[in-house]
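In what follows, a structure is listed as structure tokens, so that the remarks can point back to it.
Since every read-out is calculated from the coordinates, none of them should be taken as a lab result. What you see is a predicted model; the values in this text were computed from it and never measured. When we count neighbours, we look across all protein chains shown, and the Cβ atoms used for this are built from the backbone with ideal geometry, even at glycine.
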């Protein structure tokens, strides 16, 4: 059978005459209600803040200055690098990376295991993995909070079993946030890797074994390079939302466990708002993510050519 | 030792079971405690449906009912509208030949997936504030339609891509007009993808907290924002009952989409 | 007088790729006409232009004298049997067959009746309510035929309809298709890359290559009098030898074979010089040494009905010949010196 393109133009161009009409709603909706707002946000990050929230239309670098430069409490000291917000970013990045690593460590074996089940049971496993993917993230986070509370079921259970003698202080710690991120995005790791492993030709593993490679050598030398696109996709799907996560740090972490998402949200609260600064922090976050995605896209297209 | 297939890796089965345990334990625990007769959320006081009654008749009932109604109508409207938009876009992307700006359009469709949620939330709020558009039901709906488009688009486009162009050609050859070929042949073949897209968009809309929280305006609540507001003060048993009901809805949706996808498997003629 | 289909100077360009270069040919009414060529030769493009799935870049397509080049596919009284059948998976077999009738506005009882008759014709009445996916490949192919014939098209287009079937079924379907064409009296335009299919079914064949028609003729003409090297090589098996031509007189060429032996044979070219000579392997016989052309046996391949004898001419050229595996045949051992006799019509000088 001829692939797309070779024997293509049949029926494949039947909507050519109304292409613009078909695309107009998409261009309008996303263009006006997403692209335009993002551009507007970029503009806002260069405006002057108004005390009651909102902005004054006057060009200002104050937002970025506040982010990067420290001039002392009264603004009269020599400028040095401001660490407060960079630290928030740094902590968020580290937490997102750790969450990604944890998800990969659990997700890859799970995806592999599911993909190697007989077709009948594979459906059941896949179904079980998909359910949490579709369950409201807020509800999942609330459930986790309920479970690990000071006198929640986990602590009670461990106490009853005698594993611990005093309740573990898990809630409102960095650990809880880390656990929350891992728990939130774990299904996002499993599904793309599963899709890649399902397409993997297991005869390659047999060929490797035939040529004296051990199981784990085969995994490293053959399997991982081949399913890499799935792994990278999974890592992005975990890392990107973890970086800007809002629910896990807010519901599981305390005031000390500040992440980028909370920092941004705080700028838009009525009384203590600083919209230009919030817009600037959003810009920096978005730039980070877009750079990451661009790198990924370039890599992906490069390996396609190969 | 018995010979094992190259597919077998020791320990992977254990990790897979661990994975499911991690994913399900919190949900199951909440589900169990939602049936707890005791007022204390810590101790087990026997099986009871009292918290479910509480949800519908308790002091918070009107607030949650209104929030649920908002969530539901927004999800229905947003998924319906975004599915129509995404279907049109998929036809233009896959059945209208090559054109200039195709990859740019593709990037635009996927933009809501690439921009972090919190950034979408902030920029949408800024936009509506700047044009002095009263935040409320309508702003939530517009935001939801926008970010649901790529979620609806993906399954629809995947399905359409798998449908051989010869079906439309055959219909045209057998005297069908362009419109007849679309409504009698292509659309029925696309249906599983369209339904999957709509279901996904529905769930995504129903789930959204961050964006809604920014553009909802004062006094307006959807189920997630109402739950969040309530949980901030501590987890009450009623929340667990609501969570369990939402869990049931999610499971229903996965099952539906799973069945639809399985039924609509054979598409290509080769 | 025009035929069923007249292709007049039709060209088709896809972007930078020219699929057809000003092709002209005329297909008679009631004819089984085959477009034959390797993949990418433009045969399917030509078929799709007749059906209306593509628009011509240049030229005219006449259907019984009427220019149809600008009509939509649904306005053309031609129907197509698709390569992978393209049976609508969401409709029953009967609904598939009745689809064209429904689109033409026939009322429900009449079209059900007519579709039923068509299914009877292809011996599938019992399968009317099945889904296409529940049918075997051969059955699907017959449904596709019934569906395309149901609206009584003036011309039926068949796009490699047998390529998805296994060998045995393919051979049976060849006879069935030929019979169907004779019974219905509809003009069939058949696209294939399989020369055997083309030879067994067609009234006439157009051999195509790189968007151009190389030769049009009956199967016998195409096989026995190929006009050029491509046609000779594509149809059947042949030995191609590069030879010097001393002179061409009245269409007969005097050719010097490698090794110096001279023969006279029909020529498709009028110019002397260096050309290719085609010698059909089944038109040569082994004879005792001393009567003319001589060679050494290299190898014998056993093919069941035939034996394939590989020989090397004394001038160094390798050839093969086919001899029937009859009871009295004597199989020469490799290394044996043999004489070769060229029968009437074995050799033909080709244009390039």
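Structure summary
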{"item": "Expected 222 nm ellipticity per residue - DSSP helices of 4 or more, -39500 (n - 2.57), all of chain C, to 500", "result": "-7000 deg cm²/dmol"}
{"item": "GNM result for chain C, Cα springs below 10 Å: residue of C:137, C:211, C:304 fluctuating most strongly", "result": "C:304"}
{"item": "Proxy reagent accessibility, fewest Cβ within 10 Å first, across C:118, A:170", "result": "A:170, C:118"}
{"item": "Structure-based [θ]222 nm, chain A - -39500 (n - 2.57) summed over DSSP H runs of at least 4, per residue, nearest 500", "result": "-21500 deg cm²/dmol"}
{"item": "Alpha-carbon Rg/Rh ratio, for chain B, with Rh computed the Kirkwood way", "result": "1.06"}
{"item": "Distant alpha-carbon pairs in region B:1-92 (separation over 24 angstrom), percent", "result": "61"}
{"item": "q = 0.08 Å⁻¹, the protein assembly as shown: log10 I(q)/I(0) [Debye, one scatterer per Cα]", "result": "-0.92"}
{"item": "Residues B:145, A:291 arranged by fewest to most Cβ contacts within 10 Å", "result": "A:291, B:145"}
{"item": "Residue order, fewest to most beta carbons within 10 Å, for C:265, C:41", "result": "C:265, C:41"}
{"item": "Cα-Cα separations in region A:84-267 greater than 29 Å, expressed as whole percent", "result": "35"}
{"item": "With Cα atoms, 0 to 90° folded angle of helix B:187-207 axis to chain B main axis", "result": "30"}
{"item": "In degrees, nearest ten, helix B:12-33 long axis to first principal axis of chain B (Cα)", "result": "50"}
{"item": "Rounded tilt (10° steps) of B:61-94 against the dominant C-alpha axis of chain B", "result": "20"}
